[in-house]
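The values are calculated or read from the model by the stated rules, or taken from the named source; none is laboratory data. Since this is a predicted model, take the numbers as computed values, not measurements. Cβ sites come from the backbone with ideal geometry, for glycine too, and all protein chains shown count toward neighbours. Ligands, DNA and RNA are stripped out before the accessible areas are found, and what is left, the full protein with its side chains, is counted by its heavy atoms. Shrake-Rupley method; radii C 1.70, N 1.55, O 1.52, S 1.80 Å.
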Amino acid sequence: MASPPKDDRRLEDLARLRRVRDRIDREYARPLNVEALAAGVHMSSGHLSRQFREAFGESPYSYLMTRRIERAMALLRRGDLNVTEVCFEVGCSSLGTFSTRFSELVGMSPSEYRREEAGAVEGLPSCVAKGVTRPVRNREAPVGERL
């Protein structure tokens, strides 16, 4: 049996990558790693990482952390959870890693963000608030500059 044409394989890979991205979007608060994501779409972890980066501009892990930080930002703005509770609520198991990644993407620590942004989007439609508060992707937030 002949192998499928290269274009067909590429389309199949893109469909698998979308399934991985969708799974990350749905299950960001669960323990996820590249090996588990790759196994779920019958790819090696190396192939998944390369293909995901090529298709979406960042690694699966980076995409997962961005999703977690986006959700953390919403929880911190709400103000009823402390930073540690938010860290575990979004699926991070290390407060240090969470705080470091949050600071890289948002440009301030989670505590500062909670203090300064509580109620910042009050009254805005959720679709507008989401766009206004989205963390920086594919690059670190400029030092000393707020988003």
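Brief remarks on what is shown
- Peptides 108-115, 63-70, 23-30, ordered by how many other C-beta atoms sit within 10 Å of their residues on average, highest first, read 63-70, 108-115, 23-30.
- Leu11 accessible area, 1.4 Å probe, all protein chains in place, Å² to nearest 10: 110
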